[in-house]
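What follows is a set of notes on a single structure, which appears directly below.
The values are calculated or read from the model by the stated rules, or taken from the named source; none is laboratory data. Bear in mind the structure is a predicted one, so any value in this text is a computation, not a measurement. Don't worry about glycine lacking a Cβ; one is built from the backbone with ideal geometry, like all the others, and counts go over all protein chains shown. SASA here: full protein model, heavy atoms, side chains in, ligands and nucleic acids out. Shrake-Rupley method; radii C 1.70, N 1.55, O 1.52, S 1.80 Å.
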Amino acid sequence: MSDHLGPVLHRATDELPAPGLTRAVLREAARRRARRRAAGAVVAAVLASVLVVGGATVLVEVTGDGTATPPATSGTTGSGGTPRSAEPSPSGGRELVEGTQPRWDPRRVDDLPAAGPGTVASLPPVVTVPSQAPALAGAPVPAAVLAVRRGPQAYLLAPDGSWRSVPVADRYPRLALNPSGTALAVWAYGDGADDRVVVHDLASGTTTTVGYPSGFVPFDFQTWRWTDDDTLLLDDGGGGWLVDVRGGAAARVAGPAEGPWTTDPRGEVVEVTDFGRPAELVDRAGGGERRVPLTASGRLGSIEADAGTVAGTSYDERPFSVLVVDRATARPRAVLPIVDPQANYGNGGLGVLALREDGTVLLRVTVPGTGTSRVVHWDPRSGALALVAALRTELEDMVTFADARLRGEG
């Protein structure tokens with residue numbers, strides 16, 4: 001893949017907030033654009049559009065039944081930041097579940113009430129990345145809450161609010177903090193991506209180089225994810241490799257092998273079948289393979305899982321929504337429909353960041369036209385929404401979190 005991959009992806013996915021997203025997001029973007037093109041003249045009449053009226057920008061949204069409706073006006077939120085709606089949230093053809101909530105307009109994310117202090121441990125309400133910071137090698141820290149890639153450096157936010165920096169590769173580098181935030185994995189994306197992974201130990205400031213497994217064949221969307229503090233899972237497009245970062249030992253495993261995927265707190269893989277196949281949740285707990293049809297929820301993307309539930313996004317035969325579904329049956333427990341003008345959010349601008357131990361959900365919400373994003377707390381039981389943090393990042397930045405801190409473990 002050439003050094004021009006980033007700009008090409010950016011042009012090819014013009015409604016995405018940034019290039020270099022996961023293969024699932026890219027495919028969802030392509031599918032949504034194809035659906036709009038197929039609607040022909042009807043779409044031309046009602047497609048979500050931006051109008052300038054008297055100097056003000058008015059966005060018009062297309063609902064699940066194909067009608068164009070304006071978003072809710074300001075002042076339509078209830079207690080806890082839960083929006084009120086003058087009419088029931090549309091189902092887009094699917095039956096409304098008991099947990100369906102009023103539609104939320106994420107363009108008003110900054111109007112949400114602030115989340116309680118310490119909702120995510122050590123995450124400040126505003127995260128501003130410094131232009132420089134002490135090198136981790138000379139000033140180690142016990143752990144990091146998050147890491148941000150900016151240019152040739154990655155910046156790590158320590159629990160005490162201080163920042164450290166580590167150098168990263170120039171070839172579209174990717175980052176991943178381990179669950180407790182004590183180690184940072186860095187690997188290249190693109191030409192030479194099969195070389196190595198560099199693991200930074202935050203407490204000592206030292207680095208370890210981990211080679212890709214023998215027999216691994218590179219492909220365009222390979223990625224790594226921590227299953228625990230010492231083990232990385234490599235997705236190679238047709239299965240996975242568990243790699244011990246301390247000793248380098250690697251073992252071939254069956255998954256992930258299909259579409260969007262995640263790992264639960266125990267490191268078990270949960271994934272969703274890719275487009276072109278029947279929509280199913282594939283649960284690989286215990287090394288097995290249990291398939292559950294996603295008939296009631298529709299195909300999910302941007303998924304996170306715990307022992308009993310899966311949270312994800314979907315616009316499969318429904319307006320774009322965030323759902324919490326039962327892991328055993330895939331029946332929805334709660335649905336939060338999202339106002340999605342011009343598919344800014346459905347094409348990757350809004351996703352599930354974490355499924356917390358208390359059953360609440362953290363969402364990542366991108367502010368369209370900027371590189372900034374927000375962390376939003378959603379309580380599926382009450383419907384309450386609250387603003388946890390504003391990330392003052394740039395369009396090209398990549399942000400990774402310590403999953404255990406997001407989940408509220410410990």
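Going by average Cβ neighbours within 10 Å, how do the peptides 111-118, 133-140 rank, with the highest at the top? Before the final figure, lay out the partial values.
Numbers: 111-118: 13.5, 133-140: 15.8.
Going from most to least packed, we get 133-140, 111-118.
Full-extension gain between residue 208 and residue 358, please, as 0.36 nm times their residue separation minus the C-alpha to C-alpha distance. Don't jump to the answer; show the numbers that get you there.
Values: separation 150, 0.36 × 150 = 54.00 nm, distance 3.51 nm.
Here the segment from residue 208 to residue 358 would lengthen by 50.5 nm.
I'd like the Karplus ³J(HN,Hα) series for segment 261-272: coefficients 6.51, -1.76, 1.60, θ = phi - 60°, whole numbers in Hz, and an x wherever there's a Gly or Pro.
So the J values, rounded to whole Hz, are 8, 8, 10, 7, x, 8, x, 7, 7, 10, 9, 10.
What are the ³J(HN,Hα) couplings of segment 294-310, residue after residue, when phi is run through the Karplus curve with 6.51, -1.76, 1.60 and θ = phi - 60°? Round to Hz, x for glycine and proline.
9, 5, 7, 9, x, 4, 9, x, 6, 8, 9, 9, 10, 4, x, 9, 10
Considering only segment 129-253, what is the antiparallel percent among its DSSP beta bridges, to the nearest 5? Don't jump to the answer; show the numbers that get you there.
On the way: 38 of 39 bridges.
Taking every DSSP beta bridge with both residues in segment 129-253, the antiparallel ones total about 95 percent.
When the accessible area of segment 206-281 is computed with all protein chains present and a 1.4 Å probe, what percentage of it is carbon and sulfur?
Working: 1520 of 3140 Å².
The value for segment 206-281 is 48 percent carbon and sulfur by accessible area.
If amide H atoms are built 1.01 Å from N in the plane of the peptide, which residues on other chains or at least 5 residues away come under 5 Å of the amide H of residue 374?
Excluding prolines and chain starts, which carry no amide H, the hits are 365, 366, 367, 391.
What relative contact order, as a whole-number percentage, does segment 129-253 give when Cα pairs under 8 Å and 6 or more residues apart are counted? Before the final figure, lay out each step's value.
Working: 270 pairs, mean separation 21.4, N = 125.
It rounds to 17 percent for segment 129-253.
Report the label-to-label distance for residue 381 and residue 229 in nanometres (one decimal), using points 7 Å from each Cα along the Cα→Cβ vector.
For the pair residue 381/residue 229, the computed spacing is 3.0 nm.
When ranked by the protection proxy of mean other Cβ atoms within 10 Å per residue, highest first, what sequence do the peptides 304-312, 145-153 form?
Working: 304-312: 21.7, 145-153: 19.8.
Ranking the peptides 304-312, 145-153 by packing returns 304-312, 145-153.
Given labels modelled 7 Å from the Cα in the Cβ direction, how far is it in nm from residue 266 to residue 126?
4.3 nm
Per residue, how much accessible area does segment 129-253 have with a 1.4 Å probe, in Å²?
Values: 4990 Å² over 125 residues.
So segment 129-253 comes to 40 Å² accessible per residue, rounded to a whole number.
Considering the zone a paramagnetic label at residue 220 would reach in this model (a point 7 Å from Cα along the Cα-to-Cβ line), which residues of segment 239-261 have amide N under 18 Å from it?
239, 257-261
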